[in-house]
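Here's the structure we're looking at; comments come further down.
Every number in this text was worked out from the coordinates using simple rules, so none of it is lab data. Since we're looking at a predicted model, the values are computed, not measured. As a convention, Cβ positions derive from the backbone with ideal geometry for all residues, glycine included, and neighbour counts pool all protein chains shown.
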């Protein structure tokens, strides 16, 4: 298998790395976080100018025809710089649902806005009781003529407080935990009956509590089969896990590098603390964990478009397990090797660990996906 990047992929990586090196140091990130919604609109516009927002969409829909590997390169760079802009929410999640479920008319109505950077999206699937089960949906969608009327609540909708459009799951039939009877609906951010409570999360990003009270969605807002939306959501979740894995690798890479640099410069007892063998061993363990995570992130990216659902989901779960384990080893190691400074708000090491902890919780933590890996193993054995 060829792991070398193509010339176009190298240019993509160089362009995003170069831009973020100039536009996204730690001090600038603080100013971006203070803006409404917790990110910079100027930086988002630059993403669009660089072609990043149109990367995974088909050329026929106005995009650039990239795949999961290109998304991996972008997300790794975003993770390295702790980027706050809603790339995951808009391009990977909301855009992923459009790519897999929208009609030609719906794609024409919404994808160009994402590509040009004028429209942001968010995906609302989680409810307070559902934890990591995407099929556990109590929000209802009741048929009313050619429209549906939505009632319910969505929790921790990433970038949902400022998104121009929300994609939400709602139950059109069956009981709360049935896999069937789940639809996907497009809801404008200013729709009557929609209320949003935005808040900053522990890692500096934003999420919202969303309430739907008699929100009417017409035929133009129904994405695909209103009874069979779960398969689309699960596919998008697998793609999101691949993207988050790449982001985590970028964050871990930077955190490990800055920790090694600290060991080389911090002095104790008149010598650099990196001279102590026990600390060298700890740094080596962090490096091994990083490379294990990098390998699994690459595997997740290469299998994100796998047509075999069982195979794709098994690889996504395996990657999420390793990412979570590596993040804990590297995050805890970085804080302990830095000492007290690693826990301060003024120093970025702790911010990387916070983001890695949040990534572990998104779309299932280590324990959740370890159970999934065991389940997939039993299916294969059978």
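What FRET efficiency comes out for the pair residue 213/residue 108, r = Cβ-Cβ distance, R0 = 22 Å, nearest 0.05? FRET efficiency, residue 213 to residue 108: 0.15.
For region 248-265, list residues with backbone N below 15 Å from a point placed 7 Å from the Cα of residue 347 toward its Cβ? So the set is 255-265. Length gained on full extension, residue 275 to residue 357: 26.5 nm, using 0.36 nm per residue less the C-alpha separation. Compared with the dominant principal axis of the Cα atoms in the chain, helix 349-361 is inclined by about 40°. With the helix formula -39500 (n - 2.57) applied to DSSP H stretches of n ≥ 4, the chain reaches a computed 222 nm mean residue ellipticity of -16500 deg cm²/dmol. Seen from all sides and averaged, what is the projected area of the convex hull of the Cα atoms in the chain, in nm²? About 19.8 nm², averaged over all directions. By the Stokes-Einstein formula, at 1.306 mPa s and 10 °C, region 1-91 with its Kirkwood radius over alpha-carbon pairs has D equal to 115 µm²/s. For the chain, the longest principal axis of the alpha carbon atoms and the long axis of helix 104-115 meet at an angle near 30°. Given the chain, what percent of its DSSP beta bridges are antiparallel, to the nearest 5? Antiparallel bridges: around 85 percent, rounded to the nearest 5. On a per residue basis, the convex hull of the C-alpha atoms belonging to region 122-228 measures out at 87 Å³.
Estimated at 0.36 nm per residue, the fully extended path between residue 287 and residue 309 surpasses their Cα-Cα distance by 4.7 nm. Note on residue 59 and residue 197: with the Förster distance fixed at 45 Å, the Cβ-Cβ geometry gives a FRET efficiency of about 0.70. Against the empirical 2.2 N^0.38 Å (N residues), region 231-381 has a Cα radius of gyration ratio of 1.17.
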